[in-house]
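Each remark here refers to the structure printed beneath this line.
The values are calculated or read from the model by the stated rules, or taken from the named source; none is laboratory data. Note that this is a predicted model, so its numbers are computed, not measured. Heads up, the Cβs are rebuilt from the backbone with ideal geometry, glycines too, and the neighbour counts pull from every protein chain shown. The area values use the complete protein model at the heavy-atom level, side chains included, leaving out ligands, DNA and RNA. Shrake-Rupley method; radii C 1.70, N 1.55, O 1.52, S 1.80 Å.
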Amino acid sequence: MTLDSPQNDAAFAEDPLSTPVQFVRGVGPARALILAKLDLLTVSDLLFYLPRDVLDLSDVRDPDKLEVDVLQSVRGTVVDIDSRPTRTGTMTGVLIRSDTDFVRGLWFNQPWMYRKFKHGDSVLFSGKPKRNKGRWEFSNPLTQWLDLDDEDSSNVLAVLPRYGLTDGLKMPEVRRIIKATVEEFLQHVPDRIPDAARLKWKLPSLADALRSLHLPKSVAEYDAARRRLIFEDLLEFQLAVAMRRRAWRAGQPAPVLPNSPKIDSRIRRLFPFQFTKGQDAAISDIVRDMASGQAMHRLLQADVGAGKTAIAIYGMLVTVANGFQCVLMAPTELLANQHWQTIERVLAQSRVNRVLLTGNLGAAARRKALEEIASGEIQLIVGTQAVIQADVKFAKLGLAIIDEQHKFGVGQRAKFSQGEQKPHVLVMTATPIPRSLCLTQFGDLDISVINELPPGRQPVRTWRVQDPATRSRAWKFIRDQVTAGRQAYVVCPRVGEVEDRQPQAIADEESDEVRHVEMSNHQIHHSGLRDESSINALLAGELLGATEEVYQQLKNGELKDFRVGIVHGQMDRQLKSDAMEAFRTGETQVLVSTTVVEVGVDVPNATIIVIQQAERFGLSQLHQLRGRVGRGKYQGYCFLFSDASAPEVVKRLQAMEQFTDGFQIAEADFELRGPGDILGTKQHGTLPLRVADLNRDREVVEEAREIAFGLVEKREFDRPEFAPLKANVLDRFAHVMDLPRTG
């Protein structure tokens, strides 16, 4: 069947928006092949190929009002055209007369421009002019030919849309093609937002918005049209989030796990400290959810050192007191071990049956642990992703806690909800999340925030170290501190980034260091390696080499008088454990490491952290690393070593010096890097948004969320007039967000 067959004619008549681009006026087969490079295949694709921005040519002036290097336009009549050779080619000049003076347009090495003009043409030159020998000149001005009879210039397109291009396609061509598409096909675009709702939300119709985006009469009109599409994009996403939240709450029943004064006092006696107000508030949120009969689905955000592990233990013990099992899953074996050691200390005098389940467990011990978990004999489980493997069967799972959720794939919360009864789910992170991301990436969770540090915890003092003299003084200070009995970390950056593993293939996460290494395509290409295992081996070698090199340099140089250890993700598990234990006990005074110490490592006597090549880290990760020190009674210090002088790098490192509050740092990081880098684009993917930007469109995010959640919670979204919008939400998000297509 050919494109011009009767069957296709009927299909296009039924859905004109599916008409192939080659049948749009001014396109044809050749241009259609070029447009296909931009994934512009149909009329619908062209209509929704939105400008990246606009060129505002509305500032039309008389010559005597022109300014240097300001984008402006001048109108006049062509009185002279000339072309002459130069040392490097040709120069074409066009002189126009305006009301108050003459203005010249110049084009270099574009001889065809000579034939485009004729005497008497009325034209508009736009650009950034300069003065030359007393006359204003526009170099390569954007030119529009005007209708001589049009005294008010109403036919001038004063605001020009600018689109992304590809080889063989010029901006004027794209504008002409899309203008033709708008004029012929715009009437067929459906508007999924009901008229009453659209008027209530003060939005233009979709057809009007698309016309104003592609053929804007003013920047204000363009901005209003763009806001309509941004709002619709975010509204549909937030509707999907609200539907997922409703589905979670309406699913299987959750166990009722009430707290009581007796349980509360028994738990609090286990801790050698009093909870802060922030911890108590978070505990109140959690125990209220656990007693409600609806499955808890809560995110606990805590700044570094704010005590989220203690809250997790509290929730786990409430679960055990009610006769149910609980599990805590951490992203790395190192962090799982850290949690396990904390729990062992707190429960030293407790009869709670517990087990640490990681990839390091021997076959016989694992088999025994799985049997006791399945029988219900084991009440409390801590582990890595080993706890969600297919052979792990819980007898009565009441609470699942996922630590550092952003290091896992997005679907792993649901792994614990396979039985007849849903467990309560608590997601925790010590990486404060910007508000826009909380309302989107984690928008279906209730949120508790702790930004209050325990009493006596002092903010870590932070300095950028760039020049050799400052570096020398920094090392002297570090030596003095270690001599006085303190300990120090020296952290080396990751090399780069390659493809992540599939989540189900991970049992133990220390090789996360290698998988997240940032290696450029150029490096990989020239390595001669093509298969993933070889590339990973190469990266592991580079990473190990860099860390080993720093270790040897310090051990034989700046820190030669001290006991220096090393730890990284490629070490044998036992060696790694031994290295951490040596540092924890003080046998090692300085620990050279990769980012395996980013989360969960708690050595109160460690007061100094040196971060090598600090420009390679994002702000949130630098804040996490800084949180490894100052956890005891002594002042903490952080040194950011960096030779980089790029303005964006300096701005990031200055933010670390300026802010100690993780939530302020998270917002600064979000502005500088965007959501993908903060959460990990490989793990999470970018949010499925078409035109919205979470950073730029923060206010619209909040407005769309409020409207979407109101529609879903009040069941207004189930009314017939919202059926087209609901169908589109399901088409866009049902698969990527595990969204039920009914209910």
Exactly one of ALA32, ALA36 is open to solvent by 30 Å² or more (accessible area, probe 1.4 Å) and out of contact with any Gly (no Cβ under 9 Å at 6 or more places or on another chain), and that residue is ALA36
For segment 714-726, the count of residues that are part of a helix (DSSP H, G or I) and free of Cβ contacts under 8 Å to residues at least 24 places away in the same chain equals 4
Of the candidates GLY323, GLY293, GLY315, GLY251, the one satisfying the condition of being over 29 Å from ASN451 (Cβ atoms) and at pLDDT 95 or above is GLY323
Free of Cβ contacts under 8 Å to residues at least 24 places away in the same chain and either closer than 24 Å to ASP15 by Cα or surrounded by fewer than 19 Cβ atoms within 10 Å (Cβ to Cβ) (or both), is that true of ALA224?
yes
Note on PRO190: of the conditions (1) closer than 18 Å to GLU236 by Cβ; (2) at pLDDT 95 or above, unmet is (2)
With criteria (1) open to solvent by 30 Å² or more (accessible area, probe 1.4 Å); (2) of a type outside the set (Lys, Arg); (3) in contact (Cβ under 8 Å) with a residue 12 or more places away in the chain, PHE583 comes up short on (1)
Within segment 81-100, residues in contact (Cβ under 8 Å) with a residue 24 or more places away in the chain, closer than 21 Å to TRP145 by Cβ and open to solvent by 50 Å² or more (accessible area, probe 1.4 Å) come out as SER83, ASP99
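Scan segment 250-299 residue by residue and report those that are among the basic types (Lys, Arg) and out of contact with any strand residue (DSSP E or B) (no Cβ under 8 Å at 6 or more places or on another chain).
Correct list: LYS262, ARG266, ARG268, ARG269, LYS277, ARG288.
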VAL123 being closer than 15 Å to ASN140 by Cβ, open to solvent by less than 50 Å² (accessible area, probe 1.4 Å), hydrophobic (A, V, I, L, M, F, W, C) and in contact with a Leu (Cβ under 7 Å, 6 or more places away or on another chain):
yes
Within segment 50-66, residues open to solvent by less than 40 Å² (accessible area, probe 1.4 Å), within 30 Å of the chain's Cα centre (by Cα) and not aliphatic (A, V, I, L, M) come out as PRO51
Exception for ASP208 within (1) at pLDDT below 95; (2) farther than 30 Å from ARG104 by Cβ; (3) open to solvent by 70 Å² or more (accessible area, probe 1.4 Å); (4) not β-branched (Val, Ile, Thr) falls at (1)
Within segment 265-286, residues being in contact with a helix residue (DSSP H, G or I) (Cβ under 7 Å, 6 or more places away or on another chain) and part of a helix (DSSP H, G or I) number 5
Filter segment 615-627 for residues that are of a type outside the set (S, T, N, Q) and touching a helix residue (DSSP H, G or I) at 6+ places or on another chain (Cβ under 6 Å); the one that is most open to solvent (accessible area, probe 1.4 Å) is GLU615
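How about segment 326-375: which of its residues are part of a loop (DSSP other than H, G, I, E, B) and open to solvent by 30 Å² or more (accessible area, probe 1.4 Å)?
ALA348, GLN349, SER350, ARG351, ASN353, GLY359, ASN360, LEU361, GLY362
Run down ASP69, ASP45 and say which single residue is surrounded by 12 or more Cβ atoms within 10 Å (Cβ to Cβ) and charged (D, E, K, R).
Only one candidate qualifies: ASP45.
Considering each of ASP191, ASP167, ASP195 in turn, give the residue that is within 22 Å of SER18 (Cβ to Cβ) and open to solvent by 10 Å² or more (accessible area, probe 1.4 Å).
Residue meeting the stated conditions: ASP191.
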Counting only strands (runs of 3 or more DSSP E) entirely within segment 39-116, those with at least 1 residues that are within 23 Å of PRO172 (Cα to Cα) and of a type in the set (Asp, Glu) are 53-56
How many residues of segment 556-598 are in a helix (DSSP H, G or I) and either among the hydrophobic types (A, V, I, L, M, F, W, C) or touching a Leu at 6+ places or on another chain (Cβ under 6 Å) (or both)? The answer is 7
Of the conditions (1) surrounded by fewer than 19 Cβ atoms within 10 Å (Cβ to Cβ); (2) modelled with pLDDT of 95 or more, the single one that HIS214 does not satisfy is (1)
